[in-house]
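Read the figures in this text as sums done on the coordinates, not as results from a lab. The shown structure was predicted, so the numbers you read here are calculated from the model rather than taken from an experiment. Methodologically, a virtual Cβ is constructed for each residue, glycine included, from the backbone with ideal geometry; neighbour enumeration extends over all protein chains shown.
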Ligand SMILES: CC(C)(COP(=O)(O)OP(=O)(O)OC[C@H]1O[C@@H](n2cnc3c(N)ncnc32)[C@H](O)[C@@H]1OP(=O)(O)O)[C@@H](O)C(=O)NCCC(=O)NCCS
């Protein structure tokens, strides 16, 4: 029987597993954007090592002892939230958001692409409210949307 998902801090041996699921999840979620503006796997790994890990606290969620998703967060700001495409719709994203709420109980904010309809449906189901439409910084320069969550501001789906 599958065990309950477990959240723990990212550790250096997780590097390959996290980068692999991050890339596959992005390719699945944003195939056109990846084709137009995507980076090589090596550039992505450099960005993860030099920027994501340096500027954020990174947490992983394990399913049956294997890394299946991760969260990168700094204060109240969620920078990255990705679940392995093979393990989506199993409650892992919800588990990571619940963890982010424990880390920042007074509120959360994040940006996602406006075209990310699935991600937006997910966040709205978790009580996030679209606060502002804009454009992501270069080099992506894609239409994005800022979402915010505040405790008690809205219903959260279980
Ligand atoms: C968005 C994402 C993090 C959701 O993670 P997940 O583990 O698949 O989500 P959960 O299983 O916890 O879903 C919780 C609820 O959110 C909603 N939801 C999740 N994925 C959805 C989708 N593709 N379409 C519509 N609603 C969705 C559903 O209400 C779902 O509950 P249900 O499965 O009981 O119907 C994941 O799909 C992902 O990594 N996507 C690619 C990257 C991404 O968009 N990241 C966020 C913005 S950068």
| task | Subtract the Cα-Cα distance of residue 28 and residue 115 from 0.36 nm times their separation in residues, and report this length gain in nm to one decimal. | result | 30.0 nm
| request: May I ask you to derive the relative contact order of the range 1-61, considering only C-alpha pairs under 8 Å and at least 6 residues apart, and to give it as an integer percent? | output: 67 percent
| note | The FRET efficiency for residue 44 and residue 106, from their Cβ-Cβ distance with R0 = 30 Å and rounded to 0.05, is 0.40
| field | Selected from 128, 77, 30 as most flexible by GNM, with the chain as the system and alpha-carbon contacts under 10 Å | value | 30
| field | Fraction of beta bridges assigned by DSSP in the chain that are antiparallel (%, nearest 5) | value | 95 percent
| note | Everything considered on the Cα gyration tensor (a ≥ b ≥ c; rounded for a/c under 1.5, else prolate if a/b is larger than b/c, else oblate), the range 6-149 must be described as rounded
